[in-house]
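**Q** Here's a structure for you.
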Amino acid sequence: MNYLKKSAYFIKLFIFSCLLFLCTQSCERDNNVPILGDETDLTETNTSVACENGFAGVYPCSDYDLMMQMPLNTFGATEGNDSWGWVDTTTNKEYALLATDANVSFIDITDTNNPIYLGNVPTATISTSWRDVKVYKDHAFIVADNAGNHGMQVFDLTRLRNVANPPETFTPDAHFTEFGSAHNVVINDASGYAYIVGTNRNGTFSGGPLFINIQNPTSPVSEGGFGEGGYSHDAQVITYNGPDTDYTGREILIGSNEIEVVIADVTDKSNPIKISDISYSNVGYTHQGWFTEDLNYFILGDETDERDIGTNTRTIVFDFSDLDIPAYHMDYLGASMAIDHNGYVKGNTFYQASYSAGVRMIDISQIASSTMTEIGFFDTHPESDNTGFNGAWNVYPYLPSGNIIVSDIERGLFVIKKSDS
């Protein structure tokens with residue numbers, strides 16, 4: 001009798017534990033999000049799914065449709081990170097460049113119903129959670145962080161025109177090794193310079209931008225760097241033609257430097273000059289930012305303020321109409337406490353990759369009046385909008401077709417597009 005009672009007790013305890021586990025899992029999810037099976041990340045979506053009644057399939061959305069999705073296992077990877085795009089002006093084909101822990105993969109997305117995974121350039125050293133890629137003169141420039149002596153790989157993208165048996169494993173056309181790991185590569189198309197940021201803090205320039213002449217893409221030449229602003233996590237570099245006429249035609253670097261934004265004139269590579277700097281209240285980690293097209297404002301993302309301070313997704317806007325005297329302009333707060341990551345401006349829209357909240361589209365046409373308004377979104381991480389490092393890492397909104405490339409840490413490549421466009 002004691003044995004039977006004991007067995008019944010353990011059976012009840014087991015059932016109760018299972019119910020408690022299921023309840024806990026349910027409570028951690030958004031109530032209106034469909035439950036996803038384990039096969040979700042392994043399924044390729046090559047037919048467009050319209051955003052209807054707030055969802056494109058399992059993905060929450062507003063005014064943006066899913067054109068296609070490719071999971072990470074397609075690319076021999078387990079983690080996605082950065083992304084970029086390339087248009088072959090000879091063939092007018094469009095390509096997605098997806099950075100992963102293992103490689104940079106190249107996908108022909110001209111026809112999103114029939115995308116073609118063409119191949120990849122493997123890491124130069126080891127797998128890493130941080131790989132970055134940019135494009136200049138039909139070449140991809142690739143760096144990796146926390147990856148030993150990785151340096152910068154250069155790949156001629158025109159080779160993608162003639163891939164006989166995809167996917168191929170490509171050998172880079174050049175490998176620049178005058179630095180090791182780097183967090184990011186920034187390119188000014190107008191000048192033909194790459195700026196390598198986030199290198200060794202103990203190096204000559206303390207992790208500040210390195211200047212690499214890439215006017216001949218497969219023969220990069222080092223031309224110094226800028227250490228006065230300290231370690232730079234990310235940057236934007238432009239040939240300036242904005243409201244501050246003191247700097248017209250100058251090459252201006254805006255560095256997101258962990259605790260502040262640093263503005264520098266890097267026209268003379270042998271004598272870069274710091275112009276000014278600016279910080280802001282409740283600094284978490286000054287991560288990445290982008291100019292508005294009129295160059296009056298700079299829109300900045302702080303990567304850890306949501307986690308460390310407890311705010312909703314916060315975007316900080318500065319008035320950069322006078323580069324010598326930058327000024328705080330406004331904060332924009334999103335609808336959730338998701339962490340914002342990379343953001344880019346196209347026209348009057350700010351495209352923000354916001355980790356677990358996916359990609360948010362924000363109208364900035366009234367930014368001068370301190371008004372920013374969300375006008376659409378596509379959530380690649382339907383499980384939650386929590387304050388964690390999951391979901392959308394990067395967004396690339398510059399393809400002529402209107403297709404938008406999104407890289408997701410767990411789910412790989414997405415291509416989305418504004419509804420009815």
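**Q** Under 8 Å between Cβ atoms, which residue pairs at least 6 apart in sequence (or on different chains) link something in the stretch 56-73 that is among the acidic types (Asp, Glu) with a partner that is modelled with pLDDT under 95?
**A** Correct list of pairs: ASP65/SER48.
**Q** Also, I was wondering about something else. Is it true that some residue in the stretch 156-172 is open to solvent by less than 50 Å² (accessible area, probe 1.4 Å), in a strand (DSSP E or B) and modelled with pLDDT of 95 or more?
**A** yes
**Q** Based on this model, can you work out whether LEU399 counts as open to solvent by less than 10 Å² (accessible area, probe 1.4 Å), farther than 23 Å from GLU52 by Cα and modelled with pLDDT of 95 or more?
**A** Values: open to solvent by less than 10 Å² (accessible area, probe 1.4 Å): yes; farther than 23 Å from GLU52 by Cα: yes; modelled with pLDDT of 95 or more: yes.
When the stated conditions are applied, LEU399 passes them.
**Q** SER370 - would you say it is polar (S, T, N, Q), farther than 28 Å from ALA96 by Cα and out of contact with any Asp or Glu (no Cβ under 8 Å at 6 or more places or on another chain)? Spell out the reasoning first.
**A** Working: polar (S, T, N, Q): yes; farther than 28 Å from ALA96 by Cα: yes; out of contact with any Asp or Glu (no Cβ under 8 Å at 6 or more places or on another chain): yes.
So SER370 passes the test.
**Q** Let me ask you something else. Go through the stretch 161-182 residue by residue and tally those that are of a type in the set (Asp, Glu) and within 26 Å of GLY208 (Cα to Cα). So that I can check it myself, show each step before the final result.
**A** So in the stretch 161-182, the residues of a type in the set (Asp, Glu) come out as 168, 173, 178.
Narrowing further to those that are within 26 Å of GLY208 (Cα to Cα): 178.
Going through the stretch 161-182 one residue at a time, the tally reaches 1.
**Q** Would you point out the residue of the stretch 67-123, among those that are surrounded by fewer than 24 Cβ atoms within 10 Å (Cβ to Cβ) and small (Gly, Ala, Ser), that is nearest to the chain's Cα centre (by Cα)?
**A** The qualifying residue nearest to the chain's Cα centre (by Cα) is GLY85.
**Q** Only residues that are crowded, with 21+ Cβ neighbours inside 10 Å and in a strand (DSSP E or B): list them for the stretch 209-231, please.
**A** Scanning the stretch 209-231 gives LEU210, PHE211, ILE212, GLY225.
**Q** If you scan the stretch 305-350, which residues turn out to be among the acidic types (Asp, Glu) and open to solvent by less than 40 Å² (accessible area, probe 1.4 Å)?
**A** Of the stretch 305-350, the ones among the acidic types (Asp, Glu) are 305-306, 308, 319, 322, 324, 331, 340.
If the condition is that a residue be among the acidic types (Asp, Glu) and open to solvent by less than 40 Å² (accessible area, probe 1.4 Å), then ASP305, GLU306, ASP340 are the ones that fit.
**Q** Then there's this: Within the stretch 373-393, track down each residue that is in contact with a Phe, Trp or Tyr (Cβ under 8 Å, 6 or more places away or on another chain) and either more than 24 Å from THR100 (Cβ to Cβ) or of a type outside the set (Gly, Ala, Ser) (or both). Give the derivation first.
**A** First, pick out the residues of the stretch 373-393 that are in contact with a Phe, Trp or Tyr (Cβ under 8 Å, 6 or more places away or on another chain): 376-382, 388-393.
Selection gives GLY376, PHE377, PHE378, ASP379, THR380, HIS381, PRO382, PHE389, ASN390, TRP393.
The values are calculated or read from the model by the stated rules, or taken from the named source; none is laboratory data. Keep in mind it's a predicted model, so treat the numbers as computed, not measured. With ideal geometry, Cβ positions are generated from the backbone for all residues, glycine too; neighbour counts draw on all protein chains shown. Note: areas computed on protein heavy atoms with side chains; ligands, DNA, RNA excluded. Shrake-Rupley method; radii C 1.70, N 1.55, O 1.52, S 1.80 Å.
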